[in-house]
1. Quick check: pseudo-label points 7 Å beyond the Cα along Cα→Cβ at E57 and I19, how many nm apart are they?
2. Hey, what do the phi angles of the range 48-55 turn into as Karplus ³J(HN,Hα) couplings, whole Hz, using 6.51/-1.76/1.60 and θ = phi - 60°, x for Gly and Pro?
3. Provide the FRET efficiency to the nearest 0.05 for the V76-I48 pair, computing r from the beta carbons and using R0 = 25 Å.
4. Short version: ³J(HN,Hα) in whole Hz for each residue of the range 64-77, in order, from phi by Karplus 6.51 cos²θ - 1.76 cosθ + 1.60 (θ = phi - 60°), x for Gly and Pro, what are they?
5. Mind listing the long-range amide H neighbours of R18? Cut-off is under 5 Å, sequence gap 5 or more, other chains count too, H placed in the peptide plane at 1.01 Å from N.
Amino acid sequence: MHGQTSIGVAANTEAGRRIFRIEVSGLRQTEESDKTKFPIRKSGSTFITVPYSKMNEEMQRINRLGGVIISVSPLVI
């Protein structure tokens with residue numbers, strides 16, 4: 001494993017290859033989201049697909065945008 005980062009190792013595990021769909025409600029436009037080049041929906045549900053290795057990062061981003069997580073579901077590939 002010399003030369004591999006922990007991110008690379010995590011992606012090679014069964015858990016690291018799993019994909020999840022997160023249903024989010026209540027995202028709002030903020031200074032953080034204004035840095036992006038696309039508008040954020042203000043109502044309704046939004047579905048975000050994310051690999052397991054990025055779930056923590058995505059949960060933090062959802063929190064910064066004021067979103068509420070409705071559900072998290074594994075996707076079968």
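Every read-out reported here was derived from the displayed coordinates using simple, explicitly stated rules and does not represent laboratory data. What you see is a predicted model, and the numbers here were worked out from it, not measured in a lab. Backbone-built Cβ (ideal geometry, glycine too); neighbour counts: all protein chains shown.
1. About 1.7 nm separates the two model spin labels.
2. Using θ = phi - 60°, the values come out as 10, 9, 8, x, 3, 5, 10, 4 Hz.
3. According to the calculation, E is roughly 0.90.
4. After applying 6.51 cos²θ - 1.76 cosθ + 1.60, I find 4, 8, x, x, 10, 7, 8, 7, 10, 10, x, 9, 8, 10 Hz.
5. Y52
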